[in-house]
Structure formats: C-alpha cells, structure tokens
1. Would you mind ranking R75, R22, R32, R46 so that the residue whose beta carbon has the fewest other beta carbons within 10 Å leads the list?
2. R20 versus E74, label points 7 Å from Cα toward the beta carbon: distance in nm?
3. Taking a virtual spin label 7 Å from the Cα of A50 along the C-beta vector, which residues in the stretch 28-42 bring their backbone nitrogen under 17 Å of it?
Amino acid sequence: MPDRPEAAPRLSSLERVAIRTRESGVTLAGWRLSASTPTGPGAITRVAGAAGDWYRGEGAFLGAPQVHLAAEYERLRPSPGDPLPDPGQLG
C-alpha cells in the first residue's frame, strides 16, 4: 500500500471479458479492472475457474504475485451500488 494517497492506483473501468486458455477449449468469463497508477496504466483480470479464482496483471501490474493482484483487485473494485467512473463522452 502506498504511503501517499495520490500514489495509490485508481479505478478507471471494470468490464466483463471472455477468456481463452491454452489448456481448455472452453471460453471462461472474467472481469477486467483497469486502473491508473503513478507508474502508468495497468489492468487486473480476474477469472473464476473450477479450482478457484486466478488473476492476470497487465501494464503496471505485470509480474505481480497472485496474492498482490487479488488484494489490489479487491481494494480497487467498486462496492455493489457504487457508480463506475465516468469514461467521458466519446465521439
């Protein structure tokens, strides 16, 4: 956890994604949480599998251990009923 609040990652978006793995011919569902961090953008994808949840880090979260990704995902995800950040007007 960063010492300064402004150094903490902030939620940018949360979206449902389709996940394919090499080991399975089945498409799984997951959630991709995008965040802005002091070191640049990043994302954590959470996949619910038969053996439990697993996480994949991208960008600023690439290479982070599963325990760290799980903790950051839970900290950043919105609580039920919380509005997602406004992505702004497109077009």
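Since every read-out is calculated from the coordinates, none of them should be taken as a lab result. Note that the structure is predicted; figures quoted are calculated from it, not measured. FYI the Cβ positions are ideal-geometry reconstructions off the backbone, even for glycines, and counts take in every protein chain you see.
1. Lowest count first: R22, R75, R32, R46.
2. Spacing of the two 7 Å Cα→Cβ label points: 3.3 nm.
3. Residues passing the 17 Å test: 28-29.
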